[in-house]
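A.B. asks: Take a look at the following structure, please.
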Amino acid sequence: MRKAVLVLFVLFVAGALVFYLLTIPVTVPASALPDHVPDPDNGKYMFTAGGCAECHAAPAGSCDDLNIKDETVLAGGRCLKTDFGVFHVPNISPDKNTGIGKWTTLDFVTAMKRGVAPGGVHLYPVFPYTSYQRMSYDDLIDLKVYLDTLPAVSHEAPAHALRFPYNIRRGLGLFQRRHVDGESFAPDPKVSDEINRGAYLAMGPGHCAECHSPRDVLGGIIAGQEFAGAHSPEGDGVVPNITPSDDGIGDWDESDISYLLETGNTPDFDVIGETMAPVQENMAKLTSQDREAIAAFLKSLPPRPDAVRDSSAADADEAGE
């Protein structure tokens, strides 16, 4: 009996050690930062492309009122109700006590590229660093400089309220090992500069795949189904397939897509839904060339079956069995 207990203890210690080693936070070395003269105007452009205000500028202390009063007041306060639990969006204003006013440029870049906050704290991927990691160092430095110009607001966001095992923050190190490499977007030499620009905006700051792709049980985007649609992360409804397939946007041309991003109107004279409206409003502030580049990129994607329809069919098959 004592021997069995000893064996179990040794296995537990060994497992804990492996877990610890696999979940050690990975940070960006200072040597990775380029010698770059910050451009706050470009930082503001990245802020708009990334839709930062849509989460972080919700009224402080409000969980249900999502009407943004001032997109420069980044006090946090919005809550995201998901299958994993409730996430409370943090303060990212330059306040030194409750915001990110004490963060260095390296701290900020590490959070964006590695999902790790100062002190080695793993960040939950509801903050879409799995896409932001593709941003260039120059753009991230510019974004940090722009954020530093905004009002400092004292507001402490509530702690997340997550289900087990998702409340074990250290476990995010395993998620990051699978989904985070910190690599910046690499242009594809086989496609045009326009498509590469659109790919950068959609896959980096715009983080389009974060909503338009299905996820596995750990919250990671399922490889090979990017942009193919998903169930809404905050309740009923679906996020559409935006690949050029028959059940996606196959019958749209590039001008239809860029027009939607500018006006919110679809080719069949409908308007986009309430969830997408804030994203579209940000896209409307981009240059026409960048909207056209995003359209060109989306039309260049491989056509994929609608992921929601496929998963529903699979569930129905299993129920029938």
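The values are calculated or read from the model by the stated rules, or taken from the named source; none is laboratory data. Here the structure is a predicted model, which is why all the values come from computation and not from measurement. Methodologically, a virtual Cβ is constructed for each residue, glycine included, from the backbone with ideal geometry; neighbour enumeration extends over all protein chains shown.
A.B. asks: Which one of these is more than 21 Å from Asp216 (Cβ to Cβ) and either touching a strand residue (DSSP E or B) at 6+ places or on another chain (Cβ under 7 Å) or among the polar types (S, T, N, Q) (or both): Thr82, Thr110?
C.D. replies: Thr110
Residue-by-condition table, conditions (1) without any contact (Cβ under 8 Å) to a residue 60 or more places away in the chain; (2) crowded, with 19+ Cβ neighbours inside 10 Å; (3) closer than 19 Å to Pro205 by Cα; (4) not assigned by TED's automatic domain parsing to the domain that holds Leu74:
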position: Lys102; (1), (2), (3), (4): yes, no, no, no
position: Phe108; (1), (2), (3), (4): yes, yes, yes, no
position: Gly115; (1), (2), (3), (4): no, yes, yes, no
position: Leu123; (1), (2), (3), (4): yes, yes, yes, no
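A.B. asks: Here is a follow-up. If I ask for residues that are under 18 Å from Ser184 (Cα atoms), of a type in the set (A, V, I, L, M) and within 17 Å of the chain's Cα centre (by Cα), which ones from the stretch 23-58 would you list?
C.D. replies: Met46, Ala49
A.B. asks: Sticking with this one: Which residue is nearest to Gly229 (Cα to Cα), if the candidates are limited to the stretch 243-273 and must be in contact (Cβ under 8 Å) with a residue 40 or more places away in the chain and hydroxyl-bearing (Ser, Thr, Tyr)?
C.D. replies: Thr243
A.B. asks: With Gly198, Gly171 as the choices, which residue is in a helix (DSSP H, G or I), surrounded by fewer than 17 Cβ atoms within 10 Å (Cβ to Cβ) and in contact with a helix residue (DSSP H, G or I) (Cβ under 9 Å, 6 or more places away or on another chain)?
C.D. replies: Going through Gly198, Gly171 in turn, just one is in a helix (DSSP H, G or I), surrounded by fewer than 17 Cβ atoms within 10 Å (Cβ to Cβ) and in contact with a helix residue (DSSP H, G or I) (Cβ under 9 Å, 6 or more places away or on another chain): Gly171.
A.B. asks: Still on this structure: For a quick check of your reading: which helices (runs of 4 or more DSSP H) sit entirely within the stretch 272-321 and have at least 3 residues that are at pLDDT below 95 and in contact with a Gly (Cβ under 9 Å, 6 or more places away or on another chain)?
C.D. replies: Where helices (runs of 4 or more DSSP H) fall fully within the stretch 272-321 and carry at least 3 residues being at pLDDT below 95 and in contact with a Gly (Cβ under 9 Å, 6 or more places away or on another chain), they are 277-283, 307-320.
A.B. asks: In addition: Does the stretch 128-147 include one or more residues that are closer than 27 Å to Glu226 by Cβ, without any contact (Cβ under 8 Å) to a residue 24 or more places away in the chain and either surrounded by fewer than 20 Cβ atoms within 10 Å (Cβ to Cβ) or touching a helix residue (DSSP H, G or I) at 6+ places or on another chain (Cβ under 9 Å) (or both)?
C.D. replies: no
A.B. asks: Could you figure out which of (1) at pLDDT below 95; (2) farther than 20 Å from Thr110 by Cβ; (3) in the same structural domain as Gly171 (by TED's automatic domain parsing) isn't true of Pro40?
C.D. replies: (1)
A.B. asks: State which residue pairs qualify: first residue under 8 Å from Asp95 (Cα atoms) and inside the stretch 148-159, second residue surrounded by fewer than 18 Cβ atoms within 10 Å (Cβ to Cβ) and not hydroxyl-bearing (Ser, Thr, Tyr) in any location, beta carbons under 7 Å apart, and separation of 6 or more residues or different chains.
C.D. replies: Ala152/Gly101; Ser154/Asn97
A.B. asks: In this structure, does Ser93 turn out to be crowded, with 18+ Cβ neighbours inside 10 Å, out of contact with any strand residue (DSSP E or B) (no Cβ under 9 Å at 6 or more places or on another chain), small (Gly, Ala, Ser) and closer than 15 Å to Phe47 by Cα?
C.D. replies: So Ser93 passes the test.
A.B. asks: Test each condition in (1) in a loop (DSSP other than H, G, I, E, B); (2) out of contact with any Lys or Arg (no Cβ under 8 Å at 6 or more places or on another chain); (3) in contact (Cβ under 8 Å) with a residue 40 or more places away in the chain for Thr27 and report the one that comes out false.
C.D. replies: (2)
A.B. asks: Of the residues Pro187, Pro158, Pro165, which single one is at pLDDT below 95, part of a loop (DSSP other than H, G, I, E, B) and either out of contact with any Gly (no Cβ under 7 Å at 6 or more places or on another chain) or surrounded by 14 or more Cβ atoms within 10 Å (Cβ to Cβ) (or both)?
C.D. replies: Within the list Pro187, Pro158, Pro165, the selection yields Pro158.
A.B. asks: Moving to a separate point now. Please go through the stretch 209-223 and give me each residue that is touching a residue at least 40 places away in the same chain (Cβ under 8 Å) and either among the acidic types (Asp, Glu) or part of a loop (DSSP other than H, G, I, E, B) (or both), ordered by number.
C.D. replies: Glu210, Ser213, Pro214, Leu218, Gly219, Gly220, Ile222
A.B. asks: Separate question: Here are Phe127, Phe185: which of them is under 24 Å from Ser232 (Cβ atoms) and not small (Gly, Ala, Ser)?
C.D. replies: Exactly one of Phe127, Phe185 is under 24 Å from Ser232 (Cβ atoms) and not small (Gly, Ala, Ser), namely Phe127.
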